[in-house]
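The values are calculated or read from the model by the stated rules, or taken from the named source; none is laboratory data. It should be emphasised that the depicted structure is a prediction, and the values quoted were computed from it without experimental measurement. All Cβ positions, even for glycine, are placed from backbone atoms using ideal geometry, and neighbour counts span all protein chains on display. The protein model used for the area step is the full one, side chains on, heavy atoms only, and it has no ligands, DNA or RNA in it. Shrake-Rupley method; radii C 1.70, N 1.55, O 1.52, S 1.80 Å.
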Amino acid sequence: MQMSMRDRWRRLAVLVAVILCMITLAGCQGGASDVPQVTKEVAEAMQKDQAEAEEDVEPLQEENQIPEDGIISKAQLGTIAGKEGEYRFLGETGDGVAYQWTYDGEKIKNPVEQKLKVECSSEGLEKIQKAAGNAPYGLGVTLQDMEMAAPVTLTLTLDQSWDADRVLLCSYEDGKVYQLDQGDIQQVKKGKKEISQVSFQITRAGETFYVLGGSSKGSKGDKASGDDLDAAGTGKSKTQAAAQGGEEHVQHLQGQDAGSPDAAADPDGSGQSDEDPGADGQEQGEGGQSQDLEQSQGQAADPGGDTQGEGTGDPGVTGDVHTCTLSIECSTLLENWDKVKEAKKEFVPADGWILQPVEIAFTPGETVFDVLKRAVQERDIQMESSYTPMYGSYYIEGINQLYEFDGGAQSGWMFCVNGWYPNYGCSSYTVEDGDVIEWRYTCDLGSDVGNRYMGD
């Protein structure tokens, strides 16, 4: 995530506390002449704390064994933050499943403690496999609760071989299976035994996920109805679902000897992706953009209609064209209509979309902020930003006249890339080919848009 409202409030609280402490001590010690000394003492104490936190920290290597408690400290992670290359962390469950976390050092810009212990279980999988079209293989994977320092690849080396050509990482809620990622599966040798190895992208933790394996083809080689298994639901946001043509939940995952190719994970057949964020008939203006929660955004929007697949202007790209997908939405305001300031309701689109997913061309090296700024300018969408020297990043003040606190005391703008909310500003995130950039308005410090660590 970008620099957040929480961070701003924390900095303000610390500043106020320091000032009050300085004033109190100055008064007790008899005059304003003591204030510079107090300031110096406070600064020295802060430097001492930082030095103590950094001393005796052994730098991480390209390959590291995960400690018994699974914890990689903030200071340890800081030794690889911003560095080029992949860094691997190896562990093994009590059931003999080896696992590996792989981080891209350059993606770690704001180190936080990582809890990398993984637990696997085969208990209670029957109903989940059944909900996924009787998937023949399954494994429960529990990840410790933590804020992700970067998107990361988790590789599991199983103790058996799965006769599958398709594996999905899923969540299970209310009797339905939601796809989070389509992984890779390969067969590897362990001595004379052949076993399976599966890999997935992880963008959130703190819960039990399910690895489901099967075949994309029926027993006669016919392509299964669920071969195109993209899902919105809880795994992907509304924007990702719209951008990728996804469905709400996993419809089908066949085994090599699967039965009817029409079997589906959703017994009621609803198959709907995200709900229509209508505002119960309330009249709302079209267009609009929103506001805050620190910048980190990509490109703007055409508030007046379907912009998917339209041109984006010339960003100076020559030769190969590099593209990403950008969107801006504020459907949470429709769900919290009573909190929206009256003067701002006209800027909230009736369907929640300020900019539906649109493909944007960019120049290598551009940031999410660069892409957003150019896009909104091209589409005449209002945006206001400010630069925060302390963090070296831009902060998005408002989009389409929607600002921080316009939807309540815990509201503002956040951005997410490929399902992950970066814990640093939008002008620090360098865009890559295929990135899905989403600007989303939150009314609850991120928890209503899938970033529950925003409020911690």
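Structure above, values below:
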quantity: Calculated FRET value between Ser122 and Ser161, using beta carbons and R₀ = 22 Å, to 0.05; calculated: 0.90
quantity: Apportionment of accessible area to carbon and sulfur, segment 142-216, percent (1.4 Å); calculated: 39
quantity: Paramagnetic reach from Ser216 (point 7 Å along Cα→Cβ, amide N under 14 Å) across segment 184-203; calculated: 184-186
quantity: Modelled FRET efficiency - R0 25 Å, Asp433 with Tyr387, Cβ distances, 0.05 increments; calculated: 0.35
quantity: Rounded accessible area per residue of segment 148-217, 1.4 Å, Å²; calculated: 40
quantity: Amide H contacts of His322 (H built 1.01 Å from N, under 5 Å, at least 5 apart or other chain); calculated: Phe362
quantity: In sequence order, calculated HN-Hα J values of segment 59-64 (Karplus, 6.51, -1.76, 1.60; Hz; x Gly/Pro); calculated: x, 6, 9, 5, 10, 9
quantity: Solvent exposure of segment 316-456 as accessible area per residue, Å², 1.4 Å probe; calculated: 37
quantity: Two-decimal log10 I(q)/I(0) for segment 344-389, as the Debye equation yields it once each C-alpha is a single scatterer, q = 0.16 Å⁻¹; calculated: -0.59
quantity: Segment 317-438 - percent relative contact order, Cα under 8 Å, separation 6 or more; calculated: 33
quantity: Solvent accessible area, Å² - Glu62, 1.4 Å probe, full protein context; calculated: 120
quantity: Other-chain or far-sequence residues with amide H under 5 Å of Val436's (modelled H); calculated: Thr325, Asn418
quantity: Cβ-Cβ FRET estimate between Glu194 and Ala343, R0 fixed at 51 Å, reported to 0.05; calculated: 0.20
quantity: Of Lys130/Lys193; Lys130/Lys190; Lys127/Lys193; Lys127/Lys176, pairs whose Cα-Cα distance is over 21 Å; calculated: Lys130/Lys193; Lys130/Lys190; Lys127/Lys193
